[in-house]
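So the structure is just underneath, and the comments pick up after that.
FYI, it's all coordinate maths here, none of it is from the lab. The structure displayed is predicted, hence computed values, not measured ones. Positions of Cβ are generated from backbone atoms using ideal geometry, with glycine treated the same way; all protein chains shown enter the neighbour counts.
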Amino acid sequence: MGLKLGPEGFPRKGEVMDPIWLLLLLPLAVLSGWVGAKRSRQQGVHRSAAKPLSEPYVRSINFLANDQHDEALDVLAKALEDHDESLEIQLALGTLFRRRGEIEKATQIHQSLISRAGITPEQKSLVLFELANDYFKAGLLDRAENLLLELGVSENFREASLRLLVQIYESEREWERAIAAAKALDKIGSEPLAPQIAQFQCEMAERALVAGDYAEAKDRAIKALKLNRNCARAIILRGRLQALAGKHGQAVATWTRLCAERPEMLHEVSRLVQTSAESMEDAEAYLDFLRRAIAVSTDERLQLSLADFLLQSGRAEEAEAFLRLWSKEHGSLSGLHRLLQIRAEGDPTGEVSGDYQLMRNVAGRLLADRSGYECRFCGFQGKSMHWQCPGCRHWDTTIPKLNTIKLS
Ligand SMILES: [Zn+2]
């Protein structure tokens, strides 16, 4: 790291910052810009008496935004020589320490800034917000929460405080509080939070389901669907609760809604539909679901489920004909692999030639390890379904990976 630090953790005069440090300044600049913009909106063209951000600092951020890292480096290095006591430079350093995981140093900087002489109330709020971020990163969630609740009273920090509060309540799995904070944020923020609040309601529904309180679970699932009719998780939950109440026909109808709302999630419910169809002794209900699902989804596992169903129903010839046609028309390796598998299983004497076995094994290897789930936002991959991505913490961005290899 190019930046050398003095005894108090601050850069020594004349030292040059590493470009990576400069990149890390950006989030603070965004927040500072946001506060500035908010203030400008409230006060029109009149600037407050508070000292504006230093001109070199703003210039460096502009250079960074245009990927002119060398220019930004020159400006900030000069700023460190001339203004190393300025509030924004110290705040930037605090942010950098926090992002490097040096939370103690970040906290020390921010705590020392609070008691600084001449600091304006708005600057103090900015420092307190940074301190709340330090506590959040350090896992001191109660302390962070208390600071943010205090800061949220000020209109300038309301949105930013609520945003971090939602994250804190998510970490604590305090869903009721998360709902309240997200609702408040939804009213003043720029992005709609109804889909996220629907996920919090689903968390409460699942908690109630585990506790055996089906009425509460149903109420929560319905609330989630009112917030977001495309919420696959709420649709799946609603169907499960109907099936638990013995209303299998309604459950299948609910899960079939995914055909219109979220076709990529249809395979997630195919086993549930099959079980409910069996409970109703209505095999056609499952067959009908699969046909409707196959018509709107590219997930080849649905076709394989249909072939399996035909085989289990003693309709082997129909299953083979279906797989043959599907493999031919769509060039599907999955279809061909299953066809070869059926032929091998139907040939206990081993008359099927070794070449067939070889083809089946090669196709199987090509298809292996391609199943699982993937986040549409950050690309995180895993073997199990997460409603909140473990990588980027976004909700409802994880979908099944399509296990598809086309031969044509
Ligand atoms: Zn992600």
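Exceedance of the 26 Å cut-off in Cα-Cα distance is limited, within the set K137/K383; K137/K223; K183/K218; K247/K401; K328/K383; K137/K226, to K137/K383; K137/K223; K247/K401; K328/K383; K137/K226.
For the listed peptides 130-136, 111-117, 171-177, a ranking on the average number of other beta carbons within 10 Å per residue, highest first, reads 130-136, 171-177, 111-117. Comparing L164, I188, Y214 along the charge dipole axis of the range 119-269, the residue lying farthest to the positive side is Y214, per the Cβ-charge model.
Ordered by the count of other Cβ atoms within 10 Å of each Cβ, fewest first, S297, S86 give S86, S297.
Which peptide among 199-208, 380-389, 225-234 comes first, and what is the full order, when sorted by highest mean count of other Cβ atoms within 10 Å?
Going by the mean number of other Cβ atoms within 10 Å, highest first, we get 199-208, 225-234, 380-389.
Just subtract the alpha-carbon distance of D308 and D186 from 0.36 nm times their residue separation and send over the number in nm, one decimal.
Details: separation 122, 0.36 × 122 = 43.92 nm, distance 4.61 nm.
Full extension from D308 to D186 adds 39.3 nm.
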